[in-house]
1. Over 10 Å intervals from 0, what percent of Cα-Cα pairs in segment 123-219 sits in each interval?
2. In whole Å, what are the Cα extents of the chain along the three principal axes, biggest one first?
3. Which cysteines in the chain lack any other cysteine whose Cβ sits under 4.7 Å from their own Cβ?
4. Tell me which of Thr37, Thr183, Ala153 sits at the most positive position along the dipole axis of the chain, charges placed on C-beta atoms (Lys, Arg +1; Asp, Glu -1).
5. Using a probe of 1.4 angstrom, how much of the accessible area of the chain is carbon and sulfur, in percent?
6. Could you work out which residue, out of His199, His186, His210, moves most in a Gaussian network model of the chain, that is, has the largest mean-square fluctuation with Cα springs under 10 Å?
7. In whole Å, what is the distance between the alpha-carbon centres of segment 176-245 and segment 86-145?
8. Please state the shape class of segment 144-190: rounded when a/c is under 1.5, otherwise prolate if a/b exceeds b/c and oblate if not, all from the C-alpha gyration tensor.
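The values are calculated or read from the model by the stated rules, or taken from the named source; none is laboratory data. Because the structure is a prediction, the values reported are computed rather than measured. Don't worry about glycine lacking a Cβ; one is built from the backbone with ideal geometry, like all the others, and counts go over all protein chains shown. For accessibility, only protein heavy atoms count, side chains too; no ligands or nucleic acids. Shrake-Rupley method; radii C 1.70, N 1.55, O 1.52, S 1.80 Å.
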Amino acid sequence: MLRRTVRLVAAFTLAATTSLVAAVTTAAPAHADGCYTWNRTLREGMSGEDVRQLQIRISGYPGQGNVLAIDGIFGPATANAVQRFKNAYNLDNNKTAGPAVFDRLYALQDNDCTPKNFSYAELNDCNSNWSGGAVSASQARANALVSMWKLQAMRHALGDQPIVVTSAFRSHACNNAVGGSATSRHLYGDAVDLGAGPHSLCTLAQRARHHGFREILGPGYPGHNDHTHVAHKSSQTWSAPNCGI
Ligand SMILES: [Zn+2]
(Lines give C-alpha, C1' and ligand atoms only; values in the text may rest on other atoms or scores of the structure.)
Protein backbone atom coordinates (compact mmCIF):
# COMPACT_ATOMS: atom_id res chain seq x y z
CA MET A 1 0.00 0.00 0.00
CA LEU A 2 2.78 2.37 0.89
CA ARG A 3 4.60 1.55 -2.31
CA ARG A 4 1.45 2.19 -4.33
CA THR A 5 0.99 5.57 -2.67
CA VAL A 6 4.54 6.55 -3.39
CA ARG A 7 4.09 5.53 -6.98
CA LEU A 8 0.88 7.59 -7.21
CA VAL A 9 2.55 10.61 -5.68
CA ALA A 10 5.43 10.22 -8.09
CA ALA A 11 3.04 9.99 -11.01
CA PHE A 12 1.14 13.04 -9.80
CA THR A 13 4.36 14.99 -9.34
CA LEU A 14 5.47 14.08 -12.83
CA ALA A 15 2.09 15.10 -14.28
CA ALA A 16 2.14 18.38 -12.36
CA THR A 17 5.67 19.09 -13.54
CA THR A 18 4.73 18.30 -17.12
CA SER A 19 1.72 20.60 -17.07
CA LEU A 20 3.78 23.32 -15.41
CA VAL A 21 6.35 23.07 -18.18
CA ALA A 22 3.54 23.18 -20.73
CA ALA A 23 2.08 26.27 -19.07
CA VAL A 24 5.44 28.02 -19.03
CA THR A 25 6.03 27.11 -22.68
CA THR A 26 2.61 28.45 -23.62
CA ALA A 27 3.17 31.68 -21.74
CA ALA A 28 6.60 32.35 -23.27
CA PRO A 29 6.83 35.12 -25.88
CA ALA A 30 6.02 34.10 -29.42
CA HIS A 31 9.07 33.17 -31.43
CA ALA A 32 9.85 33.60 -35.06
CA ASP A 33 8.98 30.77 -37.37
CA GLY A 34 12.51 29.77 -38.25
CA CYS A 35 13.62 33.19 -39.43
CA TYR A 36 14.69 35.52 -36.64
CA THR A 37 13.81 36.13 -32.98
CA TRP A 38 14.29 39.42 -31.14
CA ASN A 39 15.38 39.09 -27.52
CA ARG A 40 15.16 42.65 -26.22
CA THR A 41 12.98 45.71 -26.57
CA LEU A 42 14.59 48.18 -28.97
CA ARG A 43 14.55 51.94 -28.61
CA GLU A 44 16.41 55.02 -29.79
CA GLY A 45 20.12 54.94 -28.96
CA MET A 46 20.53 51.19 -29.32
CA SER A 47 22.43 49.46 -32.07
CA GLY A 48 23.15 45.95 -33.27
CA GLU A 49 22.10 43.18 -35.60
CA ASP A 50 18.66 43.07 -33.97
CA VAL A 51 18.17 46.74 -34.91
CA ARG A 52 19.27 46.00 -38.46
CA GLN A 53 16.82 43.09 -38.71
CA LEU A 54 14.08 45.42 -37.48
CA GLN A 55 15.04 48.09 -40.02
CA ILE A 56 14.76 45.64 -42.92
CA ARG A 57 11.20 44.83 -41.88
CA ILE A 58 10.03 48.39 -41.29
CA SER A 59 11.83 49.81 -44.33
CA GLY A 60 8.43 50.44 -45.89
CA TYR A 61 7.61 53.06 -43.23
CA PRO A 62 10.18 55.85 -43.80
CA GLY A 63 7.64 58.62 -44.45
CA GLN A 64 6.88 60.17 -47.83
CA GLY A 65 9.95 60.63 -50.02
CA ASN A 66 12.33 59.14 -47.47
CA VAL A 67 14.42 55.97 -47.39
CA LEU A 68 15.24 54.29 -44.09
CA ALA A 69 18.94 53.50 -43.67
CA ILE A 70 19.54 49.85 -42.81
CA ASP A 71 22.63 50.40 -40.70
CA GLY A 72 21.89 48.74 -37.37
CA ILE A 73 21.68 52.10 -35.57
CA PHE A 74 18.34 53.01 -33.94
CA GLY A 75 18.22 56.75 -34.57
CA PRO A 76 15.30 59.19 -34.97
CA ALA A 77 14.40 57.96 -38.47
CA THR A 78 14.11 54.37 -37.24
CA ALA A 79 12.07 55.57 -34.25
CA ASN A 80 9.65 57.35 -36.58
CA ALA A 81 9.42 54.29 -38.83
CA VAL A 82 8.58 52.14 -35.79
CA GLN A 83 5.81 54.56 -34.86
CA ARG A 84 4.38 54.53 -38.40
CA PHE A 85 4.47 50.72 -38.42
CA LYS A 86 2.68 50.61 -35.06
CA ASN A 87 0.05 53.07 -36.26
CA ALA A 88 -0.49 51.00 -39.42
CA TYR A 89 -1.28 47.96 -37.26
CA ASN A 90 -3.13 49.79 -34.47
CA LEU A 91 -0.48 49.13 -31.84
CA ASP A 92 0.59 51.53 -29.09
CA ASN A 93 1.44 54.96 -30.46
CA ASN A 94 5.09 55.17 -29.44
CA LYS A 95 8.52 54.71 -30.95
CA THR A 96 9.64 51.61 -29.06
CA ALA A 97 9.89 48.19 -30.70
CA GLY A 98 8.88 45.60 -28.11
CA PRO A 99 6.91 42.34 -28.01
CA ALA A 100 3.84 43.78 -29.76
CA VAL A 101 5.94 44.87 -32.73
CA PHE A 102 7.88 41.61 -32.83
CA ASP A 103 4.71 39.51 -32.61
CA ARG A 104 3.31 41.42 -35.57
CA LEU A 105 6.53 40.88 -37.54
CA TYR A 106 6.54 37.15 -36.70
CA ALA A 107 3.01 36.95 -38.04
CA LEU A 108 4.04 38.79 -41.18
CA GLN A 109 7.17 36.81 -42.04
CA ASP A 110 7.80 33.41 -43.52
CA ASN A 111 10.56 31.03 -42.42
CA ASP A 112 12.90 32.43 -45.08
CA CYS A 113 12.38 35.96 -43.70
CA THR A 114 10.34 37.16 -46.65
CA PRO A 115 7.05 38.91 -45.87
CA LYS A 116 4.13 36.52 -46.21
CA ASN A 117 2.72 38.01 -49.40
CA PHE A 118 5.94 38.05 -51.44
CA SER A 119 8.62 35.44 -52.17
CA TYR A 120 12.14 35.16 -53.53
CA ALA A 121 10.81 33.10 -56.44
CA GLU A 122 8.34 35.85 -57.31
CA LEU A 123 11.15 38.42 -57.41
CA ASN A 124 13.43 36.32 -59.57
CA ASP A 125 12.08 34.70 -62.71
CA CYS A 126 15.50 35.11 -64.35
CA ASN A 127 17.59 32.39 -62.71
CA SER A 128 17.64 30.29 -59.57
CA ASN A 129 20.72 31.67 -57.82
CA TRP A 130 20.62 35.47 -58.20
CA SER A 131 23.93 35.50 -60.07
CA GLY A 132 25.03 37.52 -63.08
CA GLY A 133 23.72 40.92 -62.05
CA ALA A 134 25.55 44.13 -61.17
CA VAL A 135 26.17 43.00 -57.57
CA SER A 136 26.96 39.69 -55.89
CA ALA A 137 24.21 37.12 -55.76
CA SER A 138 23.89 37.48 -51.99
CA GLN A 139 23.63 41.27 -52.29
CA ALA A 140 21.00 41.04 -55.02
CA ARG A 141 18.99 38.66 -52.86
CA ALA A 142 19.35 40.94 -49.81
CA ASN A 143 18.25 43.93 -51.88
CA ALA A 144 15.21 42.00 -53.08
CA LEU A 145 14.28 41.19 -49.49
CA VAL A 146 14.17 44.88 -48.57
CA SER A 147 12.03 45.64 -51.62
CA MET A 148 9.64 42.89 -50.57
CA TRP A 149 9.19 44.43 -47.11
CA LYS A 150 8.56 47.82 -48.71
CA LEU A 151 5.94 46.21 -50.94
CA GLN A 152 4.37 44.50 -47.93
CA ALA A 153 3.96 47.91 -46.26
CA MET A 154 2.48 49.33 -49.45
CA ARG A 155 0.16 46.35 -49.81
CA HIS A 156 -1.13 46.87 -46.27
CA ALA A 157 -1.63 50.59 -46.85
CA LEU A 158 -3.68 49.74 -49.94
CA GLY A 159 -6.10 47.58 -47.98
CA ASP A 160 -4.22 44.26 -48.09
CA GLN A 161 -5.22 43.64 -51.69
CA PRO A 162 -2.73 41.69 -53.85
CA ILE A 163 0.08 43.52 -55.64
CA VAL A 164 1.03 41.94 -58.96
CA VAL A 165 4.77 41.49 -59.63
CA THR A 166 5.63 41.08 -63.32
CA SER A 167 9.45 41.27 -63.24
CA ALA A 168 12.21 41.95 -60.71
CA PHE A 169 15.82 40.66 -60.50
CA ARG A 170 17.66 40.32 -63.81
CA SER A 171 21.13 39.10 -64.64
CA HIS A 172 22.87 41.01 -67.45
CA ALA A 173 21.73 38.25 -69.82
CA CYS A 174 18.10 38.49 -68.70
CA ASN A 175 18.23 42.28 -68.80
CA ASN A 176 19.65 42.30 -72.33
CA ALA A 177 17.01 39.82 -73.44
CA VAL A 178 14.21 42.22 -72.47
CA GLY A 179 16.04 45.32 -73.73
CA GLY A 180 16.55 46.75 -70.25
CA SER A 181 18.72 49.80 -69.60
CA ALA A 182 22.42 49.09 -68.97
CA THR A 183 22.08 50.86 -65.61
CA SER A 184 18.78 49.20 -64.70
CA ARG A 185 18.13 48.67 -61.02
CA HIS A 186 16.80 45.25 -61.98
CA LEU A 187 20.50 44.26 -62.17
CA TYR A 188 20.81 45.06 -58.44
CA GLY A 189 17.81 43.06 -57.35
CA ASP A 190 15.91 45.94 -55.80
CA ALA A 191 13.71 46.90 -58.77
CA VAL A 192 10.24 45.46 -59.07
CA ASP A 193 7.81 45.94 -61.94
CA LEU A 194 4.19 45.99 -60.87
CA GLY A 195 1.24 45.15 -63.08
CA ALA A 196 -2.33 46.37 -62.89
CA GLY A 197 -4.60 44.25 -60.71
CA PRO A 198 -6.76 45.28 -57.79
CA HIS A 199 -4.89 48.61 -58.01
CA SER A 200 -4.31 50.74 -61.10
CA LEU A 201 -0.75 51.47 -62.21
CA CYS A 202 -1.24 55.08 -61.07
CA THR A 203 -2.47 54.05 -57.62
CA LEU A 204 0.66 51.91 -57.27
CA ALA A 205 2.97 54.72 -58.44
CA GLN A 206 1.33 57.27 -56.15
CA ARG A 207 1.37 55.04 -53.10
CA ALA A 208 4.98 53.90 -53.67
CA ARG A 209 6.12 57.43 -52.75
CA HIS A 210 5.32 56.67 -49.10
CA HIS A 211 7.15 53.36 -48.81
CA GLY A 212 10.84 53.93 -49.42
CA PHE A 213 11.16 53.73 -53.21
CA ARG A 214 13.53 56.38 -54.57
CA GLU A 215 12.88 55.28 -58.14
CA ILE A 216 9.29 55.24 -59.40
CA LEU A 217 8.59 55.09 -63.14
CA GLY A 218 5.06 54.63 -64.40
CA PRO A 219 2.45 55.57 -67.02
CA GLY A 220 3.57 58.45 -69.22
CA TYR A 221 7.27 57.69 -68.72
CA PRO A 222 8.72 56.08 -71.88
CA GLY A 223 8.27 52.31 -71.89
CA HIS A 224 6.20 52.28 -68.70
CA ASN A 225 2.59 52.47 -69.83
CA ASP A 226 2.00 48.80 -69.03
CA HIS A 227 3.68 48.62 -65.63
CA THR A 228 4.87 50.70 -62.68
CA HIS A 229 8.53 50.26 -61.81
CA VAL A 230 9.69 50.79 -58.20
CA ALA A 231 13.27 50.50 -56.96
CA HIS A 232 15.92 51.78 -54.60
CA LYS A 233 18.37 54.38 -55.87
CA SER A 234 20.88 56.86 -54.43
CA SER A 235 18.94 59.87 -55.70
CA GLN A 236 15.23 60.37 -56.22
CA THR A 237 13.81 59.73 -59.70
CA TRP A 238 10.03 59.77 -59.84
CA SER A 239 8.24 60.04 -63.17
CA ALA A 240 4.75 58.92 -64.05
CA PRO A 241 3.36 61.98 -65.88
CA ASN A 242 -0.02 60.35 -66.59
CA CYS A 243 -0.43 59.89 -62.83
CA GLY A 244 0.54 63.43 -61.83
CA ILE A 245 4.02 62.36 -60.77
ZN1 LIG B 1 11.49 47.99 -64.18
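1. Cα pair-distance distribution for segment 123-219, in percent: 17, 49, 29, 5.
2. That works out to 91, 39, 34 Å along the principal axes.
3. Cysteines of the chain left without a disulfide-compatible partner: none whatsoever.
4. My answer, from the dipole projection, is Thr37.
5. Numbers: 6350 of 11840 Å².
So the carbon and sulfur contribution to the accessible surface is 54 percent.
6. His199
7. Taking the Cα centre of segment 86-145 as reference, the centre of segment 176-245 is 19 Å away.
8. Details: a/c = 3.64, a/b = 2.39, b/c = 1.52.
In terms of gyration-tensor shape, prolate.
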